[in-house]
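The values are calculated or read from the model by the stated rules, or taken from the named source; none is laboratory data. Keep in mind that this is a model prediction, so the values were computed, not measured. Cβ sites come from the backbone with ideal geometry, for glycine too, and all protein chains shown count toward neighbours. Please note that ligands, DNA and RNA were not included when accessible areas were found on the heavy atoms of the full protein model with its side chains. Shrake-Rupley method; radii C 1.70, N 1.55, O 1.52, S 1.80 Å.
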Amino acid sequence: SGTVIVMDPKTGAILAQASAPTFDPADKKTITLDSIRNPAVQDIYDPGSTGKVITVAAALEEHKTTPTSVFTIPYQLKVGSQTYHDHERHATERLTTTGLLAVSSNTGAIQVGQSLGAQSLHDYLTKFGIGQNTGSHLPGESAGLLLPLDKWSDSTLPTNSFGQGYSVTALQATSVFATIANDGVRVPPTVVAGTTDASGNFSPAKQGGSQRVISAATAQELRGMLESVVSENGTAPSAAIPGYRVAGKTGTAQRFNEKCKCYAG
């Protein structure tokens with residue numbers, strides 16, 4: 001399945017949203033309880049490596065790192081009783097913060113998260129809207145899942161640092177990137193532009209309160225770093241568009257299987 005959301009970062013307006021597979025309202029056979037759901041706001045998933053943008057944004061904002069700070073990046077890293085590793089096996093590398101974001105290193109993101117600490121990372125996840133309803137007023141919207149800080153274990157900080165251990169909706173994920181695009185200000189997503197009365201008078205919908213999450217300077221810095229993801233050395237060179245500056249982030253997450261109540265695939 002797939003979901004696409006197009007959002008205006010400055011106003012929060014959802015300009016387009018589509019999910020597949022879908023249903024044909026003219027064909028009753030395609031209309032099922034499952035097909036008429038809105039996965040953009042009802043399905044939750046671990047963001048995977050797209051969550052690394054929050055970790056890096058927080059570390060930049062708190063002056064724990066810079067785009068050119070250099071890290072030693074091993075293939076695997078033991079934290080507490082757990083061992084974490086990168087997606088692809090590699091020799092120990094020296095990468096900048098920009099570089100570890102470009103190649104999407106888990107062990108690098110863990111080190112960035114450790115520089116922040118649990119309290120600070122949890123604060124920024126909350127500021128970016130994780131674990132909260134977006135306020136879109138779409139039916140059945142999920143708030144996602146974010147453990148309260150007092151429930152964090154030794155493995156929560158490292159896993160949350162690279163985008164696992166918490167869950168988001170596609171709309172929440174879109175809002176994170178819109179916040180970075182909007183110079184660090186989070187604007188609640190809106191679907192209804194306004195209403196028109198019987199006389200044709202248009203009343204714009206009330207806007208939800210915006211919130212500054214990171215500084216404009218941090219957001220600008222991070223956008224430049226995210227351009228490296230779609231470069232020849234990044235994980236998504238095919239997402240580059242000639243003549244345009246494109247910032248992005250790839251992500252792979254483990255899927256939760258309802259049958260076994262475990263991760264599978």
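Laid out as a table, the results:
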item: Accessible area per residue in Å² at 1.4 Å probe, computed on region 36-190; result: 40 Å²
item: For region 17-87, alpha-carbon Rg and Dmax in angstrom; result: 20.8, 58
item: Farthest positive-ward along the chain dipole, Cα basis, beta-carbon charges - from Pro25, Ile54, Pro67; result: Ile54
item: In range of the label at Ser81: residues from region 152-190 whose backbone nitrogen is under 19 Å from the point 7 Å along Cα→Cβ; result: 152-160, 165
item: Computed label-point distance, nm, for sites Glu227 and Ser120 using a 7 Å Cα→Cβ extension; result: 2.7 nm
item: Inter-part distance where region 78-107 and region 121-192 are each reduced to a Cα centre, Å; result: 23 Å
item: Neighbourhood charge, 10 Å Cβ-Cβ cut-off, centred on Thr179 and excluding it, Lys, Arg +1 and Asp, Glu -1; result: +2
item: Helix-only CD estimate at 222 nm, as mean residue ellipticity for the chain, using -39500 (n - 2.57) per DSSP H run (n ≥ 4); result: -7500 deg cm²/dmol
item: Region 108-123 - phi-based ³J(HN,Hα) in whole Hz, Karplus 6.51/-1.76/1.60, Gly and Pro as x; result: x, 5, 4, 5, 5, x, 5, 5, 7, x, 4, 4, 5, 5, 4, 4
item: Extension gain, Asp27 back to Ala236 (0.36 nm per residue minus Cα-Cα distance, nm); result: 71.4 nm
item: Per-pair calculated FRET efficiency, R0 = 35 Å: Thr92 and Ile36 via Cβ, rounded to 0.05; result: 0.10
item: The chain: Cα Rg divided by the 2.2 N^0.38 Å rule of thumb; result: 1.06
item: From phi via Karplus (6.51, -1.76, 1.60), per-residue ³J(HN,Hα) for region 207-218 in Hz, x at Gly/Pro; result: 7, x, x, 7, 9, 6, 9, 9, 6, 4, 5, 5
